[in-house]
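Step one of this worksheet: look at the structure below.
The values are calculated or read from the model by the stated rules, or taken from the named source; none is laboratory data. Please read these numbers as outputs of a predicted model, since none were measured by experiment. Every residue, glycine among them, receives a Cβ derived from its backbone with ideal geometry; neighbour counts consider all protein chains shown. For accessibility, only protein heavy atoms count, side chains too; no ligands or nucleic acids. Shrake-Rupley method; radii C 1.70, N 1.55, O 1.52, S 1.80 Å.
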Amino acid sequence: MSKHTEISKLLADPKIGEAYTVKGWVRAFRANRFISLNDGSTINNLQAVVDFENFDSELLKRVSFHSCIQINGQLIESQGSGQAVELVVESIEILGDNNAEEYGLQPKRQTMEYLREKAHLRMRTNTLSAVFRIRHAISFAVHKYFNDHGYYYLHTPIITGSDAEGAGEMFQVTSLDVENPPKDENGKVDYKEDFFGKATNLTVSGQLQGEIGALALGKIYTFGPTFRAENSHTSRHLSEFWMIEPEVAFCDIHGNMDLAEDFSKYLINYVLDNYPDDLAVLDKRIQELEKNMKKEDRRPMGLVETLKFVVENNFERITYTEAINILRNSKPFKKGKFEFEPEWGKDLQAEHERFLVEKKFKRPVIVRDYPKGFKAFYMRLNEDNETVAAMDVLFPGIGEVIGGAQREERHDVLVGRMKAMDVHQEELWWYLELRKFGGCPHAGFGLGFERMVLFITGMENIRDVIPFPRTPGKAEF
Ligand code: 4AD
Ligand code: MG
């Protein structure tokens, strides 16, 4: 392969007068003269100029939308506006022809729904390429944040023998012949014959194993895929998604909220500082989409403006009980506009969360101290015996991005909660032992990675911020 220069490198440090070789996909070929070339290294295209009157016209016919080419040329200061430099084409080599008639993409705005069906091509579009560069940036920032703050990255299992949340809705993993499984004396499937000698599932969370790590290494985080077999068809749910779960020894619910806020702001700042060009393209996309919308349907602020606002202002922190009071005193409740009544003891619905975040406080809101009735067994029981030290971080336009808690470290209280909630103690013997042998107060949370990517990119649907979405009925690509 001949040596070439990546367009990101060339544009960052252009050397006028030098010869360059570049490779990429043609984004546009205007007036038989101007080629916009993109190689994915940056949102920005390189403009190349062809002297078509003195060029092989048969070859130029093959320079078409999304064909893959190599250009050799000399860099000059641009003669036109819109770019600082341009490449004067000396020769072109076609690396991959594109058959425009059969090709799935066209040089015009196409709907996200359509592009989802073309997941093998959609990353070549401006919007999706920006999304996936930013997705990378956020993952990198996750590791950087935790490494710089003294956390250890812990790999928790993907195949699990226990149901961490006691919530069901798991995908089973088996090597048994599902058409003809071995049966025990009661006629039930005999999982002793299965690969691991027991029934196993794909994990819904690495938290419980993460706690093992925190009680030895002090501060850990996980960052891996998690799986939920719930039949949710919303723009916020995936069946396979990535979660980041820090778990911290000697930390209570307040330290946990501080960490969640600081960490979220760091991720947003990292993208603001390092990916302004990609953000600008996503910002412009929203403006164009909203051009023909009614004012009340538009977002209150542009994308970059929203991100800056979130990092520059404190998250609002309220208790669940305060949230219920605010909701019951709100205009939409009094006017009967909520579909679900906000009632103490019942979980907050998306419409309630949206009211708190978008109407009442107009910023991210951390709600804590939820009733124990609908929260997980491992959350620490508060003094009132009614609520647990749980917290949810709600973001504008999205709702819950983070869910976490201070963990119940008192052995007897935990056993009581497990009994009350029908959680198998035998299966989680090791989790209980952590409370018997040198336990300590600790806390942690799970941040839904795609929901954070959704927020930072300003996209509308979670299926457009993961390269190959898995949702009920869909596992293509
Ligand atoms: O609130 P969740 O269920 O919390 C846990 O799993 C805890 N074990 C975390 C912990 O304390 N270590 O999930 C955490 C986050 C949610 O706030 C949400 O952002 C995201 O994971 N999430 C989903 N994202 C996409 N698709 C789904 N189906 C999701 N379910 C949860
Ligand atoms: Mg949750």
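For the pair residue 136 and residue 62, how long in nm is the line joining their label points, each one 7 Å along Cα→Cβ? With each label point 7 Å from Cα toward Cβ, the separation is 2.8 nm.
Within the chain, which complete DSSP H helices have Cα atoms spanning at least 27 Å along the helix axis and a mean Kyte-Doolittle hydropathy of -0.5 or higher? Passing helices, by number: 126-148, 253-274. Return the whole-Å distance between the Cα centroid of segment 19-68 and the Cα centroid of segment 114-188. So the separation of the two Cα centres works out to 38 Å. With the simple spin-label model, which puts each label point 7 Å out from Cα in the Cβ direction, the residue 76 to residue 178 separation comes to 6.3 nm. Between residue 106 and residue 341, full extension at 0.36 nm per residue minus the direct alpha carbon distance yields a gain of 79.9 nm.
Quickly estimate the mean residue ellipticity at 222 nm for the chain, helices only: each DSSP H run with n ≥ 4 gives -39500 (n - 2.57), and the total goes over all residues, rounded to 500.
Roughly -9000 deg cm²/dmol at 222 nm, from the helical runs in the chain.
Rolling a 1.4 Å probe over the protein heavy atoms of the chain, with every protein chain left in place, gives an accessible area that is 49 percent carbon and sulfur. What FRET efficiency comes out for residue 386 versus residue 475 if R0 is 41 angstrom and r is the Cβ-Cβ distance? Round to the nearest 0.05. It comes out at approximately 0.45.
For segment 399-477, what is the accessible area per residue in Å², given a 1.4 Å probe and the full set of protein chains? Counting only protein heavy atoms, the per-residue value for segment 399-477 is 40 Å². Along the Cα-to-Cβ line of residue 21, 7 Å from the Cα, sits a label point; which residues in segment 45-89 have backbone N less than 11 Å from it? Only 70-73 fall inside the zone, counting backbone N under 11 Å.
Subtracting the Cα-Cα distance of residue 427 and residue 296 from 0.36 nm times their residue separation leaves 42.0 nm of extension gain. Separation of segment 384-406 and segment 325-345, taken as the distance between their Cα centroids, equals 19 angstrom. FRET efficiency for the pair residue 97 and residue 217, taken as 1/(1 + (r/R0)^6) with r the Cβ-Cβ distance and R0 = 56 Å, rounds to 0.55. Put a dot 7 Å past the Cα of residue 313, heading toward its Cβ, do the same for residue 436, and the two dots end up 5.0 nm apart.
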